[in-house]
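These notes concern the structure reproduced below.
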Amino acid sequence: MNILLLTYSFNYNYGGLLQAYATVKHLQGLGHSVTVPTSHPAHMVGNTSLLRGMGLSDGKPIAAVIRRLRQMKRYRRFDRFRRGLPMDHSLSSPQKINSSIGRFDTVLTGSDQTWNTKFMPAYDPYYYQGFISGGVRKVSYASCFGTREQKEALLSRAASDIMKFDAIAVRNDVSREIVERITGVTPQVVVDPTLLYDFNEFRSARGPNLRAPYVMVYALDKANFPVAESIVEQLRKIQPGIEVHFVNGEKNFEKPAWASHLINSYGPVEFLECIQDATYVVTDSFHGTIFAQKFDRPCIAYSSGWRAERIVSMMKDFDASDLLVLDPQPASVQRVVSKVSNEGARLRISDGLRQKIEASKTYLSEALASA
């Protein structure tokens, strides 16, 4: 079957690109031909801009340019990794996709926050496939709204497009509830595609870990830095002298005073290697948590605010809600750090999650087989 995949294949976010990679690999493993367009949804074009995350709004343009230049190796590594996807450069706009739609049996809206209206200044039908004409089958897999707080006026526009899907699956209960509310349809809740794929090619060729012990911190929300710092302080009490490697993402933060190193150069491959070599992983990232589990690294997850819903859902799937820090209280931090460092608690694939993974694979196989 020929599948056109619409997902976050174009940005410079570790989780976004790695979930696209996992989706492609899983579909190819099922025997399908997968094509990824170079087209960007209009409201997400800024994610590929060199201006994103520069901090131009702070009135210090020279400092902003310097911050961006320090990440150029990171950008190049992302672009090199992206070339491993089955990209079709002729599909560079919705119009060009439509003119070639006869090549495909199915258009699949992939995982991540593809349905989050908070990202949209105005309604964009791209990930809802509202721009696609013709008789192609429309399927979603693990589409997510990201948070309950959506733009209601845009949701009403999205509802009519979602109802035209032939098969609908979302990534969490929050997204299921939104789809039910706006369409009356109950979608299946499936796992993120990174849980469908083993990523073994990033393990097998690696030599022994020669790095000094370190805590890898991958942080998405600056408002939660005090919690990350508190976790790091507790780990340093347990293992004095341990280094803290703060891995920068597309937000392009300055080095926190409590970090030993600020790392700006990692692409997706180096990101996975850093997780595998880490003594501890400390993160408020949904995908950072998944990869810590996948590579069996001690992980302390934390979050608050609008991001928390996704990571709370993920930790429930791991049956590890007690390993998630949701408030900055010292007692909460100490309790989780002690469980991970002293008691050896780890994120595991629970029986319930294993069943959910198998059900997700079945959903995708059946949704595509019906084309």
Extreme residue, positive dipole direction of the chain, given options 194, 37, 331 (C-beta unit charges):
37
Among rounded, prolate and oblate, which fits the chain when a ≥ b ≥ c are the square roots of the eigenvalues of its C-alpha gyration tensor, a/c under 1.5 means rounded, and a/b larger than b/c means prolate?
prolate
Cβ-placed point charges (K, R +1; D, E -1), dipole of the chain about Cα centre in debye, nearest 20:
920
Using a 1.4 Å probe, how large is the accessible area of residue 216, given in Å² and rounded to the nearest 10?
0
Accessible area per residue, 1.4 Å probe, Å², for segment 274-371: what's the number?
39
For the chain, take the longest principal axis of its alpha carbons; what is the angle in degrees between that and the long axis of helix 268-277, to the nearest 10 within 0 to 90?
40
The chain: relative contact order as a whole-number percent, Cα under 8 Å and 6+ apart
17
Got the relative contact order for segment 75-161 handy, in percent, Cα pairs under 8 Å and 6 or more residues apart?
34
Quick note, segment 323-371: a/c under 1.5 would make it rounded; otherwise a/b > b/c is prolate and the rest oblate (a ≥ b ≥ c, C-alpha gyration tensor); here it is prolate
Describe numerically, in nm with one decimal, the distance between label points set 7 Å from Cα along Cα→Cβ at residue 201 and at residue 180.
3.9
Flagged links, alpha-carbon separation over 31 Å, of 164/361; 151/251; 138/222; 222/316; 25/237
138/222; 25/237
Using the Cα centre as the reference, give the magnitude of the dipole from point charges on the C-beta atoms of segment 269-371 (Lys, Arg: +1; Asp, Glu: -1; all else neutral), rounded to the nearest 20 debye.
140
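The values are calculated or read from the model by the stated rules, or taken from the named source; none is laboratory data. Since the model is a prediction, treat every value here as computed from it, not as a measurement. Don't worry about glycine lacking a Cβ; one is built from the backbone with ideal geometry, like all the others, and counts go over all protein chains shown. These accessible areas exclude ligands, DNA and RNA; they are computed on the full protein's heavy atoms, side chains included. Shrake-Rupley method; radii C 1.70, N 1.55, O 1.52, S 1.80 Å.
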